[in-house]
Amino acid sequence: MSINVTVWNEYRHELSDEKVRAIYPDGIHGAIAAGLQDHADFVVRTATLDEPDQGLPPAVLDSTDVLLWWGHKAHPEVPDELVDRVQRRVLDGMGLLVLHSGHESKIFQRLMGTKASLKWREATDKERIWIVQPGHQIAHGLGEYIELPREEMYGEFFDIPQPDELIMISWFTGGEIFRSGCCFYRGKGKIFYFRPGHESYPTYFNPEIRKVIANGVRWARPVDGPAPFSGVHPANAPLEPLPPEND
Ligand code: ZN
């Protein structure tokens, strides 16, 4: 069965910064989508902030099984109405992968209930991403760790609720560590936060990073189950006869 994947990107750095454009000529969304195209069962689309309806009109969102989210400097431009719709879709079972600086997106903050703030540094750090849950579907096919020769540093404290599953922890040259692969369950939906992917490094061309993202899509896909909960619980009929009032 195919999985409908939508890769959303604010798509601003690539247009305004020549260095970023040189790394991602087709946009960050283009590179992420290209990494997913090798999977025959993925049906991949891209969407960007400056498209009509921010690229996510109801028809697109309602037919998305797993949504990927990359944003940074335009977080405030995402309308609250769209955040409401994405949150509802997640609660009804849509998977969501939040990438890198998406940690401060409105949708991630909404789903976490925290600011999701962290320490950061743009310098010459190397990142070593340790797999701490090797049996997890997201770790499938990976070694003990992934090494990225240069990346932006993100450090603890990362202001998120305790993850339901912690898959990866990053180490940086400067000495900091960070919970870089975190799984959360909200309603019927699954959320995977994955740290690397600063716009000035070619991280989304790295084959292991692409593997993690593809594994994340498979993990977060909706699982068949009861119909989406519409928001109102009727008074619940008992499964067994109840004793009379004056029993
Ligand atoms: Zn960054």
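The values are calculated or read from the model by the stated rules, or taken from the named source; none is laboratory data. Because the structure is a prediction, the values reported are computed rather than measured. Methodologically, a virtual Cβ is constructed for each residue, glycine included, from the backbone with ideal geometry; neighbour enumeration extends over all protein chains shown. Just the protein is used for accessible areas: all its heavy atoms, side chains included, with ligands, DNA and RNA removed. Shrake-Rupley method; radii C 1.70, N 1.55, O 1.52, S 1.80 Å.
Solvent-accessible area of the range 8-47 (1.4 angstrom probe, protein heavy atoms only): carbon and sulfur portion equals 49 percent.
Take every Cα pair under 8 Å whose residues are at least 6 apart in sequence, average their separation, divide by the length of the chain, and the relative contact order is 20 percent. In order along the range 116-126, the phi-based Karplus estimate (6.51 cos²θ - 1.76 cosθ + 1.60, θ = phi - 60°) of 3J(HN,Hα) comes to 6, 7, 7, 8, 8, 7, 9, 8, 10, 5, 8 Hz; Gly and Pro are listed as x. Which FRET efficiency value, to the nearest 0.05, do you get for residue 88 and residue 173 by plugging their Cβ-Cβ distance into 1/(1 + (r/R0)^6) with R0 = 30 Å? Once rounded, the FRET efficiency stands at 0.15. Between residue 122 and residue 239, full extension at 0.36 nm per residue minus the direct alpha carbon distance yields a gain of 36.2 nm.
In this calculation the C-beta distance from residue 16 to residue 246 is compared with R0 = 51 Å, giving a FRET efficiency of 0.10. Ligands, DNA and RNA excluded, the heavy atoms of residue 159 present near 40 Å² of accessible surface to a 1.4 Å solvent probe. For the range 52-130 versus the range 144-184, the spacing of their alpha-carbon centroids is 17 Å. For the chain, the per residue solvent-accessible surface stands at 49 Å², with DNA, RNA and ligands left out and a 1.4 Å probe. With a simple spin-label model that places each label point 7 Å from the Cα along the Cα-to-Cβ direction, the separation between residue 137 and residue 115 comes to 3.5 nm. When the chymotrypsin sites (Phe, Trp or Tyr not before Pro) in the range 139-211 are filtered for DSSP coil states and for at most 12 other beta-carbon atoms within 10 Å of their beta-carbon, the remaining sites are 157. Applying the Karplus relation 6.51 cos²θ - 1.76 cosθ + 1.60 with θ = phi - 60° to the range 74-86 yields 3J(HN,Hα) values of 9, 3, x, 7, 7, x, 4, 4, 5, 4, 4, 5, 5 Hz, where x marks Gly and Pro. Measuring against 20 Å, Cα to Cα, the residue pairs 73/115; 73/119; 190/211; 19/73; 115/211; 73/211 contain 115/211; 73/211 as the ones spanning a longer distance.
First check a/c for the range 1-157, with a ≥ b ≥ c the square roots of the eigenvalues of its C-alpha gyration tensor; if it is under 1.5, answer rounded, and if not, answer prolate when a/b is larger than b/c or oblate otherwise. It comes out rounded by the Cα gyration axes.
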